[in-house]
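Please read the structure below before turning to the comments.
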Amino acid sequence: MSVQPTTAQLTYDRTIARQMVHRAAVAEVFVTDALQIAEKQVRVAVQLPPSHGYFGDHTGGQLDPLLLLEGARQAGIYGGHLVAIPLTDTMLISESTLVITRPDLIAAAERPIRLVITGTYGTRKPGGRRSRSGHVLQEFELDGALVGTHRLDVLVMTREQHAAVRAIVREGPAPTTAEMPDAAHRQAVAPASVGRSNPANVVLAQHACGPDGHRALVAPRFGNRSLFDHVYDHLPGAVLTEAARQLALLAVGRPDTEVVAITARFPRFAELDRPTVATTPATGPATTEIPVSFTQDGTEVTSITITVRQQQPRQGGVR
């Protein structure tokens, strides 16, 4: 793609092809346009829906930070394909840091929300035999105001390389989400306790609270097509991030608490056929950073820190 002048206008008339952002359903595509403005820089138009069965199922007036993350993920993938990455390659997220710099402007809205996400791509370190490593630094603009930033670190592999790595890690074939039963856990947490209305959007069960903190089992509904838009052979990062957010809300004890930052590390695959346990230390009334650790068989597979603040009035919201 040739570099376009920065004065060109992004459009929000239609979504791009779903394959460009690795989605199965057209309804789950939020990217509408992009302009490559420099060799390693892309501006992407992202339209976020005013209502959504998963991202819109919340108490309180905050725009779901995980919707911002999904918009950033799609913008990062699309821009990566425009800059250098072949469409056939797989991008695995290793680290992610979202910071909402203007939470007062990020609110749920009755109309579609038009964001511009500017991504600058770079190489983090030389790749090995089985992968290439890189990152994208993103800035979110809403009505011309900078409202957030995001850094996404990824490993890029061919599909054959990815299959080989999974085979080595597993020492055999891995089950897929298509094989997992879509049934609610008998001890799923109450939706209202994690700011939800729809039980299908609850991803935690067997919640326990003690002097050492909070503990829960990650137990998503595999038929939830927003969480599992296509078939996976592991728990995807979006599901683990949702689990971290829900456990943080349980720890704080206020389901309407606002999330203003999310930092995540994914050093290992979270396997589908092993129990995944989420834990966080006990919190005090002044706690704002809530670290959540995910373990399988006693080994940490993911760590996510949720930064929160009490819900506050908005200064105008989105348009």
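Here are the numbers for the structure shown:
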quantity: Karplus (6.51, -1.76, 1.60) ³J(HN,Hα), θ = phi - 60°, over the range 65-80, in Hz, Gly and Pro reported as x; calculated: x, 6, 5, 4, 4, 5, x, 5, 4, 5, 5, x, 5, 4, x, x
quantity: HN-Hα J in Hz across the range 34-48 - Karplus 6.51, -1.76, 1.60, θ = phi - 60°, x for Gly and Pro; calculated: 7, 10, 7, 9, 7, 4, 10, 9, 9, 9, 10, 8, 10, 10, 9
quantity: For Leu63, distant residues with modelled amide H under 5 Å away; calculated: Ala107, Ala108
quantity: Amide H within-cut-off set for Thr276, under 5 Å, with H built and near neighbours excluded; calculated: Val218
quantity: Computed [θ] at 222 nm, helices only, for the chain once each DSSP H run of length n ≥ 4 contributes -39500 (n - 2.57); calculated: -5000 deg cm²/dmol
quantity: Residues with amide H under 5 Å from that of Val292, placed H, sequence gap 5 or more; calculated: Ile304, Thr305, Ile306
quantity: Under Karplus coefficients 6.51, -1.76 and 1.60, residue-wise ³J(HN,Hα) of the range 208-225 in Hz, glycine/proline x; calculated: 9, 10, x, x, 8, x, 10, 9, 7, 8, 6, 9, x, 8, 6, x, 6, 6
quantity: For Thr11, Thr302, order by how many other beta-carbon atoms lie within 10 Å, fewest first; calculated: Thr11, Thr302
quantity: Rounded D (µm²/s) - the range 18-309, Kirkwood Rh over Cα pairs, Stokes-Einstein at 37 °C, 0.692 mPa s; calculated: 168
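Laboratory data are not the source of any read-out in this text; all were calculated from the coordinates shown. Note that the coordinates shown come from a computational prediction; the quantities given were computed from them, not determined experimentally. Here Cβ is always computed from backbone atoms with ideal geometry, including for glycine, and neighbour counts include all displayed protein chains.
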